[in-house]
Amino acid sequence: MIDIHCHILPGLDDGAQTLENSLAMAKAAVNDGIRKIAATPHHQTSRYNNPKKVVVEKVNQLNDALQKEGIPLEILTGQEVRLFGDWELEYDHDLIATVNDKNYILIEFPANHVPNYAEHLFYEMQTKGLTPVIVHPERNSQIVEQPDKLFSLVEKGAITQVTASSVTGDLGKKIQKFSFQLIEANLTHCVASDAHNTTTRPFHLSAAYEEIEREFGTEIVYMFRENAEYIISGQMIYREDPQPIKRKKILGLF
Ligand code: FE
């Protein structure tokens with residue numbers, strides 16, 4: 001399996017703090033059946049700044065350590081970029097790390113809303129040949145309330161990634177249910193761990209695929225797994241036309 005979203009690099013954000021933490025996560029990933037991970041430290045949040053150069057350096061160091069330890073896992077570059085206005089300037093100065101240096105870029109919204117300028121910035125990214133990947137939309141409270149916000153971004157070419165622990169129910173029944181609705185409405189295109197450690201925020205990737213298979217059958221599982229491959233190799237992903245999620249009618253109104 002391939003994991004396109006993971007905080008495995010040591011000492012950069014709220015993920016692994018030490019090389020020992022990173023190696024423990026690497027072993028857990030291999031045990032879960034993962035063979036490639038895009039390391040995606042937070043970038044441009046209020047607490048963390050990790051420009052591309054730093055990511056590349058740490059990825060090389062971790063790959064060396066993995067080889068020395070004989071752990072069969074490959075780390076690729078990436079970044080989880082908080083959407084911010086000066087995005088283009090940073091991209092032009094080579095501070096932004098796309099997934100495996102190809103054309104997909106992980107984008108994080110603030111937890112409770114979708115910025116109004118998202119649509120415009122996504123348009124800018126797409127004119128540069130990049131595809132924005134909205135990470136864990138199921139954990140954004142405004143998207144949960146108004147899924148149309150997500151629909152309109154996906155309709156215009158963005159793709160999305162649900163988090164494995166959301167799909168398995170480890171982040172609560174409500175988030176799990178909404179994740180299923182996103183899958184059903186073709187509003188999400190792949191699943192990733194967003195693992196931060198081996199305890200409170202672990203991988204759960206194989207369990208998530210099992211859950212998706214139970215709920216939706218093998219075809220979606222294949223599609224999601226292949227999409228992860230396409231994302232790291234910079235190819236077009238599979239996508240079906242997105243459908244709007246119908247809000248529940250308020251009972252007893254009429
Ligand atoms: Fe993350």
Which condition number in (1) open to solvent by 40 Å² or more (accessible area, probe 1.4 Å); (2) under 18 Å from the mean Cα position of the chain (by Cα) is the one that Lys174 fails? (2)
Lone unmet requirement of (1) closer than 17 Å to Ala192 by Cβ; (2) within 16 Å of the ligand (Cβ to nearest atom) for Thr131: (2)
Among (1) assigned to a helix (DSSP H, G or I); (2) closer than 29 Å to Asp13 by Cα, the one test that Ile220 misses: (2)
Does Asp148 fit the bill of being touching a residue at least 40 places away in the same chain (Cβ under 8 Å) and over 27 Å from Ala16 (Cβ atoms)? yes
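Given the structure, is Asp3 of a type in the set (D, E, K, R), touching a helix residue (DSSP H, G or I) at 6+ places or on another chain (Cβ under 7 Å) and within 12 Å of the ligand (Cβ to nearest atom)? Steps first, answer last, please.
Numbers: of a type in the set (D, E, K, R): yes; touching a helix residue (DSSP H, G or I) at 6+ places or on another chain (Cβ under 7 Å): yes; within 12 Å of the ligand (Cβ to nearest atom): yes.
Spelling it out, Asp3 is indeed of a type in the set (D, E, K, R), touching a helix residue (DSSP H, G or I) at 6+ places or on another chain (Cβ under 7 Å) and within 12 Å of the ligand (Cβ to nearest atom).
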Inspect all residues belonging to segment 95-115 and state whether any of them is assigned to a helix (DSSP H, G or I), among the aliphatic types (A, V, I, L, M) and out of contact with any strand residue (DSSP E or B) (no Cβ under 6 Å at 6 or more places or on another chain). no
Which of (1) under 27 Å from Gly217 (Cβ atoms); (2) surrounded by fewer than 21 Cβ atoms within 10 Å (Cβ to Cβ) does Tyr123 not meet, given it meets every other one? (1)
Close pairs from segment 202-216: first under 27 Å from Ser22 (Cβ atoms), partner open to solvent by 60 Å² or more (accessible area, probe 1.4 Å), Cβ under 7 Å, at least 6 apart: His204/Asp170
Within the bounds of segment 131-146, is there any residue that is surrounded by fewer than 19 Cβ atoms within 10 Å (Cβ to Cβ), modelled with pLDDT of 95 or more and closer than 23 Å to Ile237 by Cα? no
Residues of segment 134-170 being out of contact with any His (no Cβ under 9 Å at 6 or more places or on another chain), within 16 Å of the ligand (Cβ to nearest atom) and either closer than 21 Å to Arg214 by Cβ or small (Gly, Ala, Ser) (or both), which ones? Glu138
Within segment 36-57, take every residue that is within 16 Å of the ligand (Cβ to nearest atom) and more than 15 Å from Asp14 (Cβ to Cβ) and give me the one that is nearest to the chain's Cα centre (by Cα). Ala38
Give just the number: which of (1) at pLDDT below 95; (2) within 16 Å of the ligand (Cβ to nearest atom) does His113 not satisfy? (2)
Checking Gln17 against (1) closer than 15 Å to Ala192 by Cα; (2) of a type outside the set (D, E, K, R); (3) part of a loop (DSSP other than H, G, I, E, B), only one condition comes out false. Which one? (1)
In this structure, is Val133 closer than 19 Å to Ser166 by Cβ and part of a strand (DSSP E or B)? yes
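The values are calculated or read from the model by the stated rules, or taken from the named source; none is laboratory data. Worth saying up front: this structure is predicted, and the values here are computed from it rather than measured. Don't worry about glycine lacking a Cβ; one is built from the backbone with ideal geometry, like all the others, and counts go over all protein chains shown. Please note that ligands, DNA and RNA were not included when accessible areas were found on the heavy atoms of the full protein model with its side chains. Shrake-Rupley method; radii C 1.70, N 1.55, O 1.52, S 1.80 Å.
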